[in-house]
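Structure first, commentary second.
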Amino acid sequence: MARQQPSPWVHTAFLFCLLSLSGTIEIPMDLSQPPTITKQSVKDHIVDPRDNILIECEAKGNPAPSFHWTRNSRFFNIAKDPRVSMRRRSGTLVIDFRSGGRPEEYEGEYQCFARNKFGTALSNRIRLQVSKSPLWPKENLDPVVVQEGAPLTLQCNPPPGLPSPVIFWMSSSMEPITQDKRVSQGHNGDLYFSNVMLQDMQTDYSCNARFHFTHTIQQKNPFNLKVLTNHPYNDSSLRNHPDMYSARGVAERTPSFMYPQGTASSQMVLRGMDLLLECIASGVPTPDIAWYKKGGDLPSDKAKFENFNKALRITNVSEEDSGEYFCLASNKMGSIRHTISVRVKAAPYWLDEPKNLILAPGEDGRLVCRANGNPKPTVQWMVNGEPLQSAPPNPNREVAGDTIIFRDTQISSRAVYQCNTSNEHGYLLANAFVSVLDVPPRMLSPRNQLIRVILYNRTRLDCPFFGSPIPTLRWFKNGQGSNLDGGNYHVYENGSLEIKMIRKEDQGIYTCVATNILGKAENQVRLEVKDPTRIYRMPEDQVAKRGTTVQLECRVKHDPSLKLTVSWLKDDEPLYIGNRMKKEEDSLTIFGVAERDQGSYTCVASTELDQDLAKAYLTVLGRPERPRDLELTDLAERSVRLTWIPGDDNNSPITDYVVQFEEDQFQPGVWHDHSKFPGSVNSAVLQLSPYVNYQFRVIAINEVGSSHPSLPSERYRTSGAPPESNPSDVKGEGTRKNNMEITWTPMNATSAFGPNLRYIVKWRRRETRETWNNVTVWGSRYVVGQTPVYVPYEIRVQAENDFGKGPEPGTVIGYSGEDYPRAAPTDVKIRVLNSTAISLQWNRVYPDTVQGQLREYRAYYWRESSLLKSLWVSQKRQQASFPGDRLRGVVSRLFPYSNYKLEMVVVNGRGDGPRSETKAFTTPEGVPSAPRRFRVRQPNLETINLEWDHPEHPNGILTGYTLKYVAFNGTKVGKQIVENFSPNQTKFTMQRADPVSRYRFSLSARTQVGSGEAVTEESPAPPNQAAPTAAYTNNQADIATQGWFIGLMCAVALLVLILLIVCFIKRSRGGKYPVREKKDVPLGPEDPKEEDGSFDYSDEDNKPLQGSQTSLDGTIKQQESDDSLVDYGEGGEGQFNEDGSFIGQYTVKKDKEETEGNESSEATSPVNAIYSLA
């Protein structure tokens, strides 16, 4: 994921955010003006001899200037040379060689002159040179003979090229020469060996020169080294030897400098260039190089070390970098140093470059030409290309060194002046014209522009104007009288108004007014400030396997008044959205990722004013395809070359190749890893073992995984030989107290070297030096019986096959079996360190009582009882081990305030010895563990109940509990309150300060030692902050104790009683109503109350209760009663049994329309909440 800097959006007219802040005022091209050079070639112009020559010179002026050239300070007549032409409306020279000619004939110094009737402007003196890449002279190089350890310099001496070629060293087979602090290339191109080693003879050395313009590489005949040595074998293991040189018999030497020679030298560098200091030293061992500056530190911001610290480069040199530098070469034999005196000179550089002078008639002005350099440059003035001394006299002009002063200037003073400042290191040439005009102010840009800018940007409003005399320019905002300058505004000399950071209040109408003695002109612009476009959730780099789905997010925030466009680039090119891709407002989804989808994806969020970019890289990985076409070549007794063709890496580079082999004698069909090679090779020489019938295959590996194995190669059998090694991991250990088992790791197929592999096993007592016992074994173990207890034996195991025996084996010391130790540690002393740890000290046992290898001293301890009489404890035995032959140790993690017992034993390989005398000790009181089952309950909004149980481990006599609590509401936290309780108190009720805040409680138990671990809980969130499920979980257990619930249940019971009484009265007082045989028989059509199911009693004095009508099945229909149970129901029908008992929940049957309109709504009373939880 990366946010890219968006490309700047350039607006027309007034807004140019990235323009130069130069104060130069240009003369409109419709006014008369002298020539101005606008484009020219570089001073040192090197050209490719294969191309046409182009020398650029372009200029502007009114009238349009004409051009001519000088070559080597003489007029260059273009018309006389058919190869040379000048471009139309330009002074650029084109020299065409398509019809023949030699480019070298045109080398020289060229200068361009642009002229009109008001003056002449000059280009720099352009030195034209043709690039050269001469051939290397043919030479026969004799072998270089050098003693191992001696220094050596291989000189390159490349042919002089233009520009100088790039030098690098390679072998004749075009493999780069490995360079390090011992072997490295100097800045002059030579190859330096601080000391020559035998391995340097393994390759030859050829200097190569790469020429820039021709893009050719020329190779010098290679050097061949012949190294004379006292150790003729190039043992690669000695390369990493800690004392490599003495191991090879090379004498060690103190350092000496190979370049530069001697103890001191000097170097000159020009200001602004890079200073390169170099010190290359010889010596054995290879010296280290360190750099210092006399009287100060190296400039850390400009200095860097190169070429393994042999070179010091200081970039952009200035005068303060002059002085004495020295390099120190050191090794363990000594050190030397070389001092380099650095002098910084300077070609001329501008202090005050002359600028065009625009004056009105009668005005005064001056041209200033100030430059510095080392040595101090001289200044020469010219006018229209001629020395000022030879120009016609002008009474209005006065020359004062580096300044020309003009007084009471007139029209006739118009000209182009040249200032040439030079020293021995270079020159500077500047043109500046004097133009005399009488012009009232004029605006050069369109009027009344609407400019929209982005918030917080640095913005510049340009107001191009012109006039002579030069007008003064002022800015105003929204018609206010105060001039804009200072604070967030800055007005430049050319009249541009810079707003350093745009704010919303900067929106408005800006007016620029230009005024001189001839009049004034003004222009306006309306500035609108828009919010920036920002990608606030950028796509992230992803690695995906082939076939998966990838989503790249890109969420954007922008100004709503601007049209937003979100587009995607892939590898910086517009992305084609195919059927496997889905582009949404804030994401790009790629389905079934394939290899071609890998690349960089850039989200471009743009409006017409700005844009924001965010880039992410998608890596599509797949396992590589299997290698193919295995081939065996270069067949030898102990080696073969295996070559293969790599398979497709599936967009994840192959990092390694694993070569496996299978042999058909010991483990046919089983493949073993042979060797591993870098992913850059496809051919390797494999070292083989004798008497193996090999078959090979290759597996490719990348970051995703391994390929399928290649098809096997053809088989290749090597001839047999005696073993060259013996079995490894030979051991002698007793499995019983009177034997010794000799074991070893058997040799595999690649080390057997022949048929019938067996092992000759030899052993004898170490102390007695008796004759060797031996036996031939075909397996991998042999047991020697009837041995004394734990005595050392010398053991040898030698391999043998039908071709002969292996090398003489080494001797391994083994031991016969161990018996249990006979003695226990004595004088065991116990010191209590703290409530959970003790220190042990004991006397060691005699070695002859160990009867084996002493593994450790071991303490067995158990908790006998707690000092708290009522506390049950586990008496499980525990142990602490003290490996080796030690006399003291620490037992930790004990329980405080307890009685313990302890015994010690000696342990060898067989087991424990006898136990020591039992020791008793008591641990002191400690801090308790945390209280158990800490519960925080909130029965209502006024109180909070806290309950807890005693700690599981009091670790002493409890003295009380400490409760700390603090109120919090969001990020606001109140003052902490501390409560202390007696040891028997396990409940606390707290009155809430307000119903909104929550509380954080921390409870700990105390003993006389101090407070123990605290347990922390928080009060439940208020109902408006917690989800219903969470609220129920916290309060479910307490709902029956809450006051509102008890009151509600009483009201329900009273209502039930009233209803039962009403039903009893109605059933006992003979009402007039039709009798149905079954409850579900429908009413007849003649029933006048059929619609609502109600009935009239015959007794007029006994009507139903006011406010309700009762149906046969006991349903109550609400009319106007405020006491109706509808407030507590959920829309179902309540029912009664025949005896009047209540079935179901209380409810009211509503009209059909009302029921349908509210069937999804639920009552909000507490009763509904209770039944919904039931």
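The values are calculated or read from the model by the stated rules, or taken from the named source; none is laboratory data. Model, not experiment: these values are computed from the prediction. Neighbour counts are summed over all protein chains in view; Cβ atoms, including those assigned to glycine, are modelled from backbone coordinates with ideal geometry. These accessible areas exclude ligands, DNA and RNA; they are computed on the full protein's heavy atoms, side chains included. Shrake-Rupley method; radii C 1.70, N 1.55, O 1.52, S 1.80 Å.
Overview of values
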item: Strands (runs of 3 or more DSSP E) within the range 223-292 that include 3 or more residues more than 30 Å from Val317 (Cβ to Cβ) and modelled with pLDDT under 95; result: 225-228
item: Residue match in the range 487-497 (condition: at pLDDT 90 or above, out of contact with any helix residue (DSSP H, G or I) (no Cβ under 7 Å at 6 or more places or on another chain), of a type in the set (Gly, Ala, Ser) and surrounded by 14 or more Cβ atoms within 10 Å (Cβ to Cβ)); result: no
item: Segments classed as strands (runs of 3 or more DSSP E), wholly inside the range 123-174, with at least 2 members that are over 21 Å from Phe223 (Cβ atoms) and in contact with a His (Cβ under 9 Å, 6 or more places away or on another chain); result: 126-130
item: Residues of the range 605-623 satisfying the condition of being assigned to a strand (DSSP E or B), closer than 29 Å to Gly547 by Cα and not hydrophobic (A, V, I, L, M, F, W, C); result: Lys615, Tyr617, Thr619
item: Criterion: open to solvent by less than 60 Å² (accessible area, probe 1.4 Å), in contact with a Pro (Cβ under 6 Å, 6 or more places away or on another chain) and over 30 Å from Trp1044 (Cα atoms) - qualifying residue of Pro983, Pro951; result: Pro951
item: Residue selected from the range 77-94 under the condition of a type in the set (A, V, I, L, M) and without any contact (Cβ under 8 Å) to a residue 40 or more places away in the chain, by the criterion least open to solvent (accessible area, probe 1.4 Å); result: Val84
item: One residue from Gln851, Gln878 being open to solvent by 30 Å² or more (accessible area, probe 1.4 Å), on the phi > 0 side of the Ramachandran plot and in contact with a strand residue (DSSP E or B) (Cβ under 7 Å, 6 or more places away or on another chain); result: Gln851
item: Tally, over the range 95-117, of residues that are open to solvent by less than 30 Å² (accessible area, probe 1.4 Å) and in a strand (DSSP E or B); result: 8
item: The range 965-990 residues that are among the basic types (Lys, Arg), paired with ones that are modelled with pLDDT of 90 or more and open to solvent by 40 Å² or more (accessible area, probe 1.4 Å) (beta carbon under 7 Å, 6 or more apart); result: Lys987/Glu947
item: Residue, farthest from Met740 (Cα to Cα), within the range 800-818, restricted to residues that are of a type in the set (Asp, Glu) and surrounded by fewer than 18 Cβ atoms within 10 Å (Cβ to Cβ); result: Asp802
item: The range 743-759, residues that are surrounded by fewer than 19 Cβ atoms within 10 Å (Cβ to Cβ) and in a helix (DSSP H, G or I); result: none
item: Residue ranges of strands (runs of 3 or more DSSP E) in the range 628-733 with at least 3 members buried (at least 19 other Cβ atoms within 10 Å of the Cβ); result: 639-645, 656-663, 693-701
item: Lone qualifier among Gly779, Gly785 - being more than 30 Å from Gly884 (Cα to Cα), at pLDDT below 95 and surrounded by fewer than 16 Cβ atoms within 10 Å (Cβ to Cβ); result: Gly779
item: Which listed residue is open to solvent by less than 70 Å² (accessible area, probe 1.4 Å), of a type in the set (Lys, Arg) and more than 55 Å from the chain's Cα centre (by Cα), from Arg822, Arg796; result: Arg796
item: Residue selected from the range 313-335 under the condition closer than 17 Å to Arg182 by Cα and not small (Gly, Ala, Ser), by the criterion surrounded by the most Cβ atoms within 10 Å (Cβ to Cβ); result: Cys327
item: Qualifying residue in the range 928-942 (condition: open to solvent by less than 50 Å² (accessible area, probe 1.4 Å) and either charged (D, E, K, R) or closer than 19 Å to Lys829 by Cβ (or both)); result: no
item: Count of residues meeting criterion [closer than 30 Å to Asn116 by Cα, modelled with pLDDT of 50 or more and of a type in the set (A, V, I, L, M, F, W, C)] in the range 1-60; result: 11
item: Residues satisfying the stated conditions in the range 423-466, i.e. of a type in the set (Asp, Glu) and open to solvent by 40 Å² or more (accessible area, probe 1.4 Å); result: Glu424, Asp438
item: Members of the range 265-302 that are of a type outside the set (Asp, Glu), within 23 Å of Asn188 (Cβ to Cβ) and crowded, with 17+ Cβ neighbours inside 10 Å; result: Val269, Leu275, Leu277, Cys279, Ile280, Ala281, Ser282, Gly283, Thr286, Pro287, Ile289, Trp291
item: Every pair of residues 6+ apart whose Cβ atoms lie under 8 Å, when the first sits in the range 826-837 and is on the phi > 0 side of the Ramachandran plot while the second is polar (S, T, N, Q) and surrounded by fewer than 13 Cβ atoms within 10 Å (Cβ to Cβ); result: Asp827/Asn843
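So that you can scan it fast, the table gives a plain yes or no per residue for (1) assigned to a loop (DSSP other than H, G, I, E, B); (2) farther than 30 Å from Thr589 by Cα; (3) in contact (Cβ under 8 Å) with a residue 24 or more places away in the chain:
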position: Phe466; (1), (2), (3): no, yes, yes
position: Arg474; (1), (2), (3): no, yes, yes
position: Gln480; (1), (2), (3): yes, yes, no
position: Gln524; (1), (2), (3): no, yes, yes
position: Leu527; (1), (2), (3): no, yes, yes
position: Ala544; (1), (2), (3): no, no, yes
